[in-house]
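Trainee: Shown below is the structure under consideration.
The values are calculated or read from the model by the stated rules, or taken from the named source; none is laboratory data. Just so it is clear, the structure is predicted and the values come from calculations on it, not from any experiment. Note that we place each Cβ from the backbone using ideal geometry, even for glycine, and neighbour counts take in every protein chain shown.
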Amino acid sequence: MGRKSFEELSARRKDVLRIAVQDYILTGEAIASERLVKKYRISVSPATIRNDLAWLEEKGFMVRPHHSAGRVPTDEGYRFYVNSLGDKAVLTPQEEQAIKRFFSMVTREINNIFQRAAMLLADLTCCLGISILTSESSVIVKHFDLIQFGPRSLLSVIIFEDGNILRDTFEISISVEPQDVKVVEEKISSMIIGMTMDEIVKVKIDKNEELAWGKKVFIVASETLKELKRMCHEKSVRDVYLHGAPRLMDYPEMMTSERMLDLIKLFDEHTIFFRLASEALINRCMIVKIGEDNPPAVRDFSFVVAPYEIKGTVGAVGVLGPRRMDYAKAIAAVRDVSHHLTWRLRDLYES
């Protein structure tokens, strides 16, 4: 089901879905029509709400985990809820004051700032708090190769002046001929040779180039550049700070042996957090990834992340939690912490 289905929702069904998702986030209990009507004083009958829930299930916004059970939100249901939050994603005055107090007290020691920022996010959201610290690189690109392994499989190789090499295989969305790969290699080479990693992540291809290059070359060049940005960002990651894993145990669905094993693997493989944050780092905006939006290792979780920036170097802060995390609290906390972190770092390093 595509997200265009949001347009099919009537005003009442939007309200029902919003209330249902909010109730499930708060309680973790499958949603029943009678409880919604009584608890939220909805001015229609339980039968009407029951029909609305059935319609929402048919359209993919909700699902019934067991035949005799109530319904729970799907990823699309959560996505609608997140999109509907708007200005309602705010912290309490006490939480806002806690953030201001935190940043007024931090030291000039960079690692300490990020460790404590992860702690602050965990405290605010009852999720896993994450800080990603990147480093700036001044080494420039000497050579670039793009090698084809199959109709849609490519290997990108970046060689830097100091001898370091970045390489990775990736899949493209269309089949491509060897001569097109060669053209893309030449186009990308002309763009990135002589650049640092930090400069590569800022490169953009003008949409008008599609007419000059042809649609196929333009698509492959755009997808190749996106892959190169991801590689450079991943290489630039210096430290990942995590805090608050025990807080995830407050959610009963996290207490299964399978979820516990997933969490243990996450702590052993920090690069997954960079991969989750790469879109926010590249586009320099907040990203909310829900369930199936995420890589296979974390598809039972949701992730909220926002970038910070200091002297042109971009890192990220965020939270990882269950699908039914409190999105309003998580979005507001990550947004406000990233904002205050950017300004505090500027004060510390430009004063």
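Trainee: Just to check your reading of the model, which residue among V63, V16 is β-branched (V, I, T), in contact with a helix residue (DSSP H, G or I) (Cβ under 6 Å, 6 or more places away or on another chain) and not assigned by TED's automatic domain parsing to the domain that holds D293? Full working, then the answer.
Mentor: Details: V63 fails: in contact with a helix residue (DSSP H, G or I) (Cβ under 6 Å, 6 or more places away or on another chain).
Step by step, each of V63, V16 is checked, and only V16 is β-branched (V, I, T), in contact with a helix residue (DSSP H, G or I) (Cβ under 6 Å, 6 or more places away or on another chain) and not assigned by TED's automatic domain parsing to the domain that holds D293.
Trainee: Check R230 against each of (1) charged (D, E, K, R); (2) free of Cβ contacts under 8 Å to residues at least 24 places away in the same chain; (3) assigned to a helix (DSSP H, G or I) and name the one condition it does not meet.
Mentor: (2)
Trainee: Within segment 31-132, considering only helices (runs of 4 or more DSSP H) that don't extend past its boundaries, which have at least 3 residues that are under 26 Å from R247 (Cβ atoms)?
Mentor: Numbers: elements: 33-40, 46-58, 75-85, 93-105, 110-125.
So the answer is 75-85, 93-105, 110-125.
Trainee: Select from segment 139-159 the residues that are in contact with a helix residue (DSSP H, G or I) (Cβ under 8 Å, 6 or more places away or on another chain) and modelled with pLDDT under 90 and list them in ascending order.
Mentor: V139
Trainee: Scan the strands (runs of 3 or more DSSP E) fully inside segment 235-327 and keep the ones with 1 or more residues being modelled with pLDDT under 85.
Mentor: On the way: elements: 237-243, 287-290, 301-310, 313-322.
It comes to 237-243, 301-310, 313-322.
Trainee: Let me ask another. Scan segment 253-263 and tell me whether some residue there is polar (S, T, N, Q) and assigned by TED's automatic domain parsing to the domain that holds F301. If you could, list the steps in order and put the result at the bottom.
Mentor: Quick first cut of segment 253-263, residues polar (S, T, N, Q) only: 256-257.
Keeping just the survivors that are assigned by TED's automatic domain parsing to the domain that holds F301 gives 256-257.
Yes, segment 253-263 contains at least one residue that is polar (S, T, N, Q) and assigned by TED's automatic domain parsing to the domain that holds F301.
Trainee: Out of the residues in segment 76-123 that are out of contact with any strand residue (DSSP E or B) (no Cβ under 6 Å at 6 or more places or on another chain) and among the hydroxyl-bearing types (S, T, Y), state the one that is modelled with the lowest pLDDT.
Mentor: Among those that are out of contact with any strand residue (DSSP E or B) (no Cβ under 6 Å at 6 or more places or on another chain) and among the hydroxyl-bearing types (S, T, Y), it is T107.
Trainee: Being of a type in the set (S, T, Y), more than 23 Å from R71 (Cβ to Cβ) and in contact (Cβ under 8 Å) with a residue 60 or more places away in the chain is the filter here; which residues of segment 306-337 pass it?
Mentor: T313
Trainee: Additional query: Determine the pairs where a residue that is more than 16 Å from P73 (Cα to Cα), located within segment 285-299, has a partner that is β-branched (V, I, T) and in a helix (DSSP H, G or I) with Cβ atoms under 7 Å apart, the partner being 6 or more residues away or on another chain.
Mentor: Short answer, once both residue conditions are applied: M286/V334; V288/V82; V288/I331; P295/I272; A297/I272; V298/I272.
Trainee: So, one more: Mind listing whichever residues of segment 27-59 are in contact (Cβ under 8 Å) with a residue 24 or more places away in the chain and under 19 Å from F301 (Cα atoms)?
Mentor: Selection gives G28, E29, A30.
Trainee: Looking at (1) closer than 30 Å to E185 by Cα; (2) surrounded by fewer than 18 Cβ atoms within 10 Å (Cβ to Cβ), which is the one condition that is false for Y251?
Mentor: It is condition (1) that Y251 fails.
This table checks each residue for (1) outside the structural domain of H270 (by TED's automatic domain parsing); (2) loosely packed, with under 13 Cβ neighbours inside 10 Å; (3) of a type in the set (F, W, Y).
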position: S156; (1), (2), (3): yes, no, no
position: F160; (1), (2), (3): yes, no, yes
position: A212; (1), (2), (3): yes, yes, no
position: L242; (1), (2), (3): no, no, no
position: R247; (1), (2), (3): no, no, no
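Trainee: OK, next. Scan (1) more than 30 Å from T125 (Cα to Cα); (2) at pLDDT 90 or above for the single condition V44 breaks and write down its number.
Mentor: (2)
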